[in-house]
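The values are calculated or read from the model by the stated rules, or taken from the named source; none is laboratory data. Being a predicted model, the structure only gives us computed values, none of them experimental. Here Cβ is always computed from backbone atoms with ideal geometry, including for glycine, and neighbour counts include all displayed protein chains. SASA here: full protein model, heavy atoms, side chains in, ligands and nucleic acids out. Shrake-Rupley method; radii C 1.70, N 1.55, O 1.52, S 1.80 Å.
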Amino acid sequence: MKSMLLTAAGALALTAALHGPAAAACDPDYSGVTLTAGSQTGPFIALALQMAAKTWEQKTCGKVNVVEFPFGELYPKYLTAMTAGESTFDVITFAPAWMPDFSPYLSEMPDSVRQGKDWEDIAPVYRDRLMVWDGKHLSQTIDGDLHTLSYRRDLFDDPKEKEAFKAKYGYDLAPPKTWKEYYDIAEFFTRPDQKLWGTAEAFRRGGQQFWFFFTHAASYTNDPQNPGSMFFDPETMDAAVNNPGWVKALDDYIRSVKFSPPGALNFSSGDIRTAFSGGQVAMNFDWGDTGVIAADKTQSKVAGHVGSALTPGSTEIWNHKTKSWDKFDQPVFSPFMAFGGWQAAVPSSGKNVEAAWNYVEWVSNPENSGTATVTGGSGVNPYRLSHFAPDRWLAKMTKEEADEYLAAQRGSLEAKNVALDMRIPGYFSYTEVLEIELSKALAGEETAQQALDSIAEQWNKLTDEFGRDTQLAAYRASMGLPPLKK
């Protein structure tokens, strides 16, 4: 009997050795489950999914396969699979602007996720707005996205630079509060003989260019007196993108090219981070990734000298109702929630919906997401209130860097005139038109007005094709406006 018991014990030990942890160690038990999670080509976002996958696999005994595609391929790959009812993806990560098109094919977030301190920890603009469509929570924010300014403190604080700047421009060198100051500073630091340029922005079609242009436009078109009027007239759904505010913004965006490093027209958002951390530029604006990467001594030549601030504001904003400029005594800051933070969702057609939501919850929990926010290259920026606790940042940044970085992130998120990205059906079609015309304007093939007139004409046609009433209702909802009374 003893021999038989030993044999049985040995068999159990062999089974455990061959098949991994005993079932009791899997919590919950997803043994045999392999999830396929879609992401843009890494490291940004893909790295965060992979980091969380390792610990999720250890915890649940399941597996996660993160598949990566160029950003421009994500929308069609996801939509094609979901409309066909295919189980290609268990988890998709995507732009909030695509939610109107994806929503019919997504499973609703489980009730168990939407409660407790971890749920309340998510910043309200994400939890109550960007994760919701048609009254349902269909996605989970896994990244907080808005544009902030990064600048090199070693240059801005240099007494000689400060003296020379004031002598030339008549005011003190400091992080720019207006776009005029931004371009004065960009001009001042553009020194090709020293391999130094004033700024770097994303200009490449398919390289997330239009969100950088939108940050310029928000300053001149996000009128606090007329909420929701930045992209369209919120009462008629007529395109607003060719008014004088947008023209001024595009003229500015084009102007940025001459203060950027050679080859900047091919820069994507990733390239501007490399330019800043490599010491090529005095400043840029970007999602929070520049600040984290540039502060990392293993990735940056300017670590220890990274400053952060809100993107520039404006003392004049176009009023679409009066068709005139509203003037302000002080700059109005309109930080743009560019992109709005990567979202993760679970297609209804997936074979592992429960496990997929469990993985999404694991990716976004305070501990895993907090680790990702301070990991250079993860692409994850603060979106939970707990992400702003300074302790974990001080392991990666100097106190000055951490204080400014967190102040810029939180100040932008809580700004009174924060500008929201649009979310409407067919967003991909609208932005495709936009990028084609922006590229023509950047190449000098069209003036800013010509490019924007063309965009407005094509946007109005798209709106009619999708259904003006449907688009208007979706646009007003995305801007936080109530339905129009009939």
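For the reader, a short list of remarks on this structure follows.
- For the chain, the solvent-accessible area with a 1.4 angstrom probe is 41 square angstrom per residue.
- Computed from Cα atoms, the angle from the helix 353-364 axis to the main principal axis of the chain rounds to 50 degrees.
- If you wrap the tightest convex hull around every Cα atom of segment 94-205 and split its volume per residue, you get 173 Å³.
- Share of carbon and sulfur in the accessible heavy-atom surface of the chain [1.4 Å probe, %]: 53
- Between 0 and 90 degrees, the angle of helix 179-189 with respect to the longest Cα principal axis of the chain falls at about 90 degrees.
- Beyond 25 Å in Cα-Cα separation lie the following of the pairs Lys168/Lys399; Lys59/Lys351; Lys180/Lys323; Lys195/Lys301; Lys195/Lys297; Lys248/Lys486: Lys168/Lys399; Lys248/Lys486.
- Between 0 and 90 degrees, the angle of helix 244-256 with respect to the longest Cα principal axis of the chain falls at about 80 degrees.
- Å³ per residue enclosed by the Cα convex hull of segment 257-317: 108
- Net charge of neighbours whose Cβ lies under 12 Å from the Cβ of Gln330, counting Lys and Arg as +1 and Asp and Glu as -1: 0
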